[in-house]
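**Q** I have a structure I would like to understand better, so I am pasting it below and will then ask my questions one at a time.
The values are calculated or read from the model by the stated rules, or taken from the named source; none is laboratory data. All values reported here derive from a predicted model rather than from experimental measurement. Neighbour counts run over all protein chains shown; Cβ positions are idealised from the backbone, glycine included. Ligands, DNA and RNA are excluded from the accessible area calculation, which covers all protein heavy atoms including side chains. Shrake-Rupley method; radii C 1.70, N 1.55, O 1.52, S 1.80 Å.
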Amino acid sequence: MNFEQYFTGLRGKRIAVLGLGVSNRPLVRLLLEYGCDVTGCDRTPMDKLDSDVLELGCQLQVGDGYLDGLEADIVFRTPGMHPANPALEELRRRGAKITSEMEVFFEVCPCHTIAVTGSDGKTTTTTLISEMLKAAGHTVWLGGNIGTPLLPLCRQMKPEDYAVVELSSFQLMDMERSPERAVVTNLAPNHLDVHKDMDEYVDAKKNIFRFQSPSDLLVLNADNTITDGFTGNGITRKFSRIATGDAMVRNGIICRDGVEVLDTGDILIPGVHNIENYMAAMLAVEGLVDDDTIRAVAKTFGGVEHRIELVRIKDGVRFYNDSIASSPSRTIAGLRSFPEKVILIAGGYDKHIPYDVLGPEICAHVKKLFLGGATGPQIRKAVEQCGEGQPEIIDCGDFESAVRAAAAAAVSGDVVLMSPASAAFDQFKNFMVRGDFYKKLVMEL
């Protein structure tokens, strides 16, 4: 079904859009444009809604109990809401179809699709794929979980274009379509505050390739036990930093099928995990981007904001913003990016994931640890269980106190790394707001 057919078919239907954040507002406008009866639903009370929401022109059902008594033919689920939410189950029982902006996008998208998911590295890998394709002369539409809603842009897309999409487990949970080229960077425990267990989390990720055809491509991490065990319907290519794969590292050079492609020393962004991201991207664009273009991107691409982002060098101290690190595995990757021991700022919202794996890494890579937030005690416990080699640990209570204390303790030559191993929701709206606040504090030093 094409875009026009889908939205024309909605005319006159009762549509509920759950969540009125920035990403869903273009969807509301689009539905209203096609004559739909739209109700925008959000937990935020009426007096706290910003003017942009009030000016959308749809009916509003907001505040506590915002889903009570909701009547709709079609419901666009916000990604953060579990498909088994009781309110959604009740709507299904009454005949409503539950869908999402991303699910409809894959149904009506007129161009080629490449999508990336994983616990870590998906934003950088998605961006790398986009940069490589653009450098090779292709028209690219970058979006999904990375920030830009793609569905309203479908009317501008041409068949020869490429939509490069980052997908979270929440977006994938009830997807019934897969992209032509899919990448799973790695998998580790994450978002277990929303998913009922690890099995559900992994199963959601599988939807990125579950519905592929035999001619489609699946790129997997051979070094990750979970992803290495995946089996797709189409062509499978694997990358490996420590063993063997279709893309692998040999004597400091990334090789594809035994052919040298990229010297890892030419990769501008730091960290061995970014070598993995480059291998994943390289396999994803195989046949679409030549090796010279891949090398050119590696030498010029400076990374994505909030991902081991160099904020400032002050009095010989380097301050890095790694606010995206909302899980232990992400923070471990950040710690391993530096040859020296760092001053680490960690702790935040509790997603109910284990921290035991983080303790030994902190002992190996951190000389002073500043903790704040709900997960601070868990991180401290993980470190203290390691026995010898523990860094000095300072409990600071909240994020700002931890940043200021870490900055005060740093001397010339030190690296101060804000990599929380925790989500931001205890003190901030999201990891981007946390990262921006950290940068503000650092620039004010």
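**Q** Compute for segment 304-445: radius of gyration divided by Kirkwood radius, i.e. Rg/Rh, restricted to C-alpha atoms, rounded to two decimals.
**A** Working: Rg = 13.2 Å, Rh = 14.4 Å.
So for segment 304-445, dividing Rg by the Kirkwood Rh gives 0.92.
**Q** Enter the angle in degrees (range 0 to 90, nearest 10) between the Cα long axis of helix 291-300 and the first principal axis of the Cα atoms of the chain, meaning the one along which they spread out most.
**A** Roughly 70 degrees, rounded to the nearest 10.
**Q** Which value, in nm² and rounded to one decimal, describes the direction-averaged projected area of the C-alpha convex hull of segment 205-281?
**A** 5.4
**Q** May I pose another question? Sorted by packing (mean other beta-carbon atoms within 10 Å per residue), highest first, where do 434-443, 197-206, 269-278 land?
**A** Numbers: 434-443: 18.9, 197-206: 17.2, 269-278: 22.2.
By packing density, highest mean first, the sequence is 269-278, 434-443, 197-206.
**Q** If you don't mind, another one. Run the numbers for Glu384 and Asp315: contour at 0.36 nm per residue of separation, minus the present Cα-Cα distance, in nm.
**A** 21.7 nm
**Q** Considering the Cα positions of segment 88-210, please state its Rg to one decimal place and its Dmax as a whole number of Å.
**A** Reported Rg and Dmax, both Å: 15.0, 50.
**Q** Now a separate question. Segment 93-138 to segment 319-382: how many Å between their Cα centroids?
**A** 30
**Q** Using a cut-off of 13 Å between beta-carbons, work out the net charge of the residues near Asp161 (Lys and Arg +1, Asp and Glu -1, Asp161 not included). Provide the component values of the computation, followed by the final result.
**A** On the way: positive: Lys134, Arg155, Lys158; negative: Glu160, Glu180.
Combined, the nearby Lys, Arg, Asp and Glu give +1.
**Q** Would any residue of segment 262-288 have its amide N under 19 Å from a label point 7 Å out along Cα→Cβ of Phe338? List them or say none.
**A** Taking a point 7 Å out along Cα→Cβ of Phe338, the residues of segment 262-288 whose backbone N falls under 19 Å are 268-275.
**Q** Next up: Hey, what's the Kirkwood Rh for segment 224-320 if you take every pair of different alpha carbons, in angstrom?
**A** 14.9
**Q** Calculate what fraction, in whole %, of the accessible area of the chain sits on carbon and sulfur atoms when a 1.4 Å probe is rolled over the protein chains.
**A** 49
**Q** Quick one: of Lys122/Lys314; Lys205/Lys439; Lys134/Lys440; Lys205/Lys351; Lys122/Lys381; Lys206/Lys238, which pairs are farther than 26 Å apart, Cα to Cα?
**A** Lys122/Lys314; Lys205/Lys439; Lys134/Lys440; Lys122/Lys381
**Q** Right, something else. Any idea what log10 I(q)/I(0) is at q = 0.16 Å⁻¹ for segment 1-79, Debye with uniform C-alpha scatterers and no solvent?
**A** The Debye formula, applied to the Cα set alone, gives -0.55.
**Q** Taking 8 Å as the Cα distance limit and 6 or more residues as the minimum spacing, I'd like the relative contact order of segment 308-414 as a percentage.
**A** 28
**Q** Sort 139-151, 245-257 by the packing proxy (mean of other Cβ within 10 Å over each peptide's residues), most packed first.
**A** 139-151, 245-257
**Q** Pick out, in residue order, every one of the trypsin sites (Lys or Arg not before Pro) in segment 1-50 that is DSSP loop and has at most 15 other C-beta atoms within 10 Å; say none if there are none.
**A** Arg11, Arg43
**Q** Additional query: Students often forget the sequence filter, so: which lysines lie under 21 Å Cα-Cα from Lys13 once same-chain residues fewer than 8 apart are removed?
**A** Once the sequence-local lysines are set aside, what remains near Lys13 is Lys97.
**Q** Report the Cα-based extents of segment 69-153 along its three principal axes, largest first, to the nearest Å.
**A** 51, 29, 15 Å, listed from the longest principal axis down.
**Q** Specify which labelled value, from (1) 22.5, 68; (2) 52.6, 191; (3) 21.2, 66, agrees with Rg and Dmax of the Cα atoms in Å derived from the coordinates of the model shown.
**A** Given (1) 22.5, 68; (2) 52.6, 191; (3) 21.2, 66, the calculated one carries the label (1).
**Q** Rounded to whole Å, give me the distance from the Cα center of segment 145-178 to that of segment 409-433.
**A** 30
**Q** Per residue of the chain, what 222 nm ellipticity follows from adding -39500 (n - 2.57) for every DSSP H run with n ≥ 4, rounded to the nearest 500?
**A** Mean residue ellipticity at 222 nm (helix-derived): -9000 deg cm²/dmol.
**Q** Heavy-atom accessible area per residue, the chain, 1.4 Å probe: how many Å²?
**A** In whole numbers, the chain has 41 Å² accessible per residue.
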